[in-house]
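Report on the structure given below.
The values are calculated or read from the model by the stated rules, or taken from the named source; none is laboratory data. Keep in mind it's a predicted model, so treat the numbers as computed, not measured. Reconstructed Cβ throughout: ideal geometry from the backbone, glycine too, with neighbour counts over all protein chains shown.
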Amino acid sequence: MSQGTGQAGSGPSAAVVGAGIIGVCCALFLQRDGYRVTLIDRQGPGEGASFGNGSMLTCEAVVPVQTPGIAWRVPAMLLDPLGPLRVRWGYLPRLVPWLTRFLLESRWPRVEAASIALANILDRALDDFDPLLRRAGAEAEVRKTGFLMVYESEAGFRRAQPLIDLQRRRGVQMEMLDADALRAREPKLAPIFARAILYPEVAQALDVFRLVQILAESFVAQGGSLLREEVRDFAFASDNRVAAVLTDLGRHACDTVVIAAGAWSRPLVRRLGSDTLLDTERGYSVLMPDPGVVPNTPLYSTERGIVFSPMEIGLRVAGTVEMGGYDAPPDWRRAEVLLTHARRWLPGLNTEGVERWMGFRPSMPDSVPVISGSPRSDNAFFAFGHGHGGIGLGARTGRLIGDLASGRQPNIDMAPYRVDRF
């Protein structure tokens with residue numbers, strides 16, 4: 001990919017750190033506002049968490065990960081290495097501050113508040129992609145497919161009722177399906193499901209890695225500069241404003257800086273005088289390039305914590321959460337669990353040539369992303385911590401960062417997304 005010149009326009013300069021879906025969208029919206037934007041990442045566009053995820057743009061995801069009663073399940077997380085939510089013993093001491101806040105945020109009043117905050121940024125979030133996709137000639141890369149939440153047991157469906165009610169309070173559109181209606185809609189599925197919920201407004205990227213690359217190419221074509229460098233520090237002016245981004249290869253002066261480095265954002269935020277309880281969820285996926293049998297609609301199971309996503313490049317099964325930091329090697333048994341469920345759900349599935357992947361989701365303990373100005377430097381902005389919802393919230397986050405950086409008042413209350421909210 002060409003680096004571009006970075007000299008389009010005559011407005012102020014901006015440096016965006018991070019070239020995943022969030023960073024690329026922030027760069028594009030700043031560019032629309034007349035900024036001369038440099039996008040910096042040690043990896044290529046989309047090569048981080050954007051690469052191997054489930055590709056869903058989930059407008060129904062108003063239920064945070066932390067929910068009432070989860071405290072009672074923490075011992076099981078520590079004991080079951082293959083469960084849908086796992087904490088590695090060796091990482092537990094470092095995770096204690098994050099986990100403590102996570103448990104505090106699992107009380108119903110806090111869950112309700114997090115749900116409202118998620119609903120506010122998810123509302124019409126897909127619309128913000130439209131100008132970016134049109135400019136890139138990529139309208140066909142995202143399609144509205146709907147989404148099926150499936151339940152293997154009536155007991156599992158009953159346990160989910162408080163969370164379904166939470167979605168109803170947020171105005172999420174849904175349609176209840178019994179076992180017969182599900183079989184009529186998804187005849188290739190094994191007849192092992194008792195219930196399902198159809199969310200008709202959910203969209204999907206045909207290939208999310210390709211989508212991020214296309215958007216990055218559009219950014220470069222409009223004069224943006226794309227640098228493959230590792231950001232290590234910042235230079236400051238006498239008034240605490242950021243004067244330059246310092247990388248392993250050089251110094252890049254800027255009038256504005258945005259930190260959108262996903263799970264790697266916390267050290268950079270500290271350099272800018274703030275801290276945050278950001279941690280990483282290690283997520284796994286498997287891709288079957290020639291599955292032979294695929295569902296008609298993307299599927300998700302809260303009981304198993306996995307998503308089935310039919311894509312142009314094959315069938316991807318993704319999910320589970322492992323809290324274990326960056327350094328521990330992948331536990332590929334967790335990918336094998338995904339394959340086990342895939343074979344059980346889709347009889348006749350071809351798993352030859354399967355590709356396994358593990359990535360790092362940037363996770364906040366209240367499941368609400370940071371979309372915020374810096375309390376210390378008034379020309380620094382933060383956009384990270386999107387957890388499982390980064391793809392769908394990419395364009396909305398970019399627009400909100402554009403508003404904050406340009407001094408416009410966003411159309412929602414931004415307090416729930418502040419970096420210093422805890």
| query | Does residue 139 qualify as being without any contact (Cβ under 8 Å) to a residue 40 or more places away in the chain, over 20 Å from the mean Cα position of the chain (by Cα) and within 13 Å of residue 60 (Cβ to Cβ)? | reply | no
| query | When residues of the range 314-356 are filtered for being at pLDDT below 95, in contact with a Lys or Arg (Cβ under 9 Å, 6 or more places away or on another chain) and of a type in the set (Val, Ile, Thr), how many remain? | reply | 3
| note | Going through (1) touching a Gly at 6+ places or on another chain (Cβ under 6 Å); (2) outside any loop (DSSP other than H, G, I, E, B) one by one, residue 376 fails only at (2)
| query | For residue 76, which of the numbered conditions (1) among the hydrophobic types (A, V, I, L, M, F, W, C); (2) in contact with a helix residue (DSSP H, G or I) (Cβ under 7 Å, 6 or more places away or on another chain); (3) surrounded by fewer than 22 Cβ atoms within 10 Å (Cβ to Cβ) fails to hold? | reply | (2)
| field | Residue list for the range 339-373, restricted to those being of a type in the set (Gly, Ala, Ser) and in contact with a helix residue (DSSP H, G or I) (Cβ under 8 Å, 6 or more places away or on another chain) | value | 363, 367, 372, 373
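Could you tell me whether residue 420 is under 30 Å from residue 100 (Cβ atoms), at pLDDT below 95 and assigned to a loop (DSSP other than H, G, I, E, B)? Explain how you work it out, then say what you get.
Working: under 30 Å from residue 100 (Cβ atoms): yes; at pLDDT below 95: no; assigned to a loop (DSSP other than H, G, I, E, B): yes.
When the stated conditions are applied, residue 420 does not pass them.
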| task | Answer yes or no: is there a residue in the range 119-128 that is touching a Pro at 6+ places or on another chain (Cβ under 9 Å) and aliphatic (A, V, I, L, M). | result | yes
| remark: Residue count, the range 166-188, condition surrounded by 14 or more Cβ atoms within 10 Å (Cβ to Cβ) and out of contact with any strand residue (DSSP E or B) (no Cβ under 8 Å at 6 or more places or on another chain), comes to 5
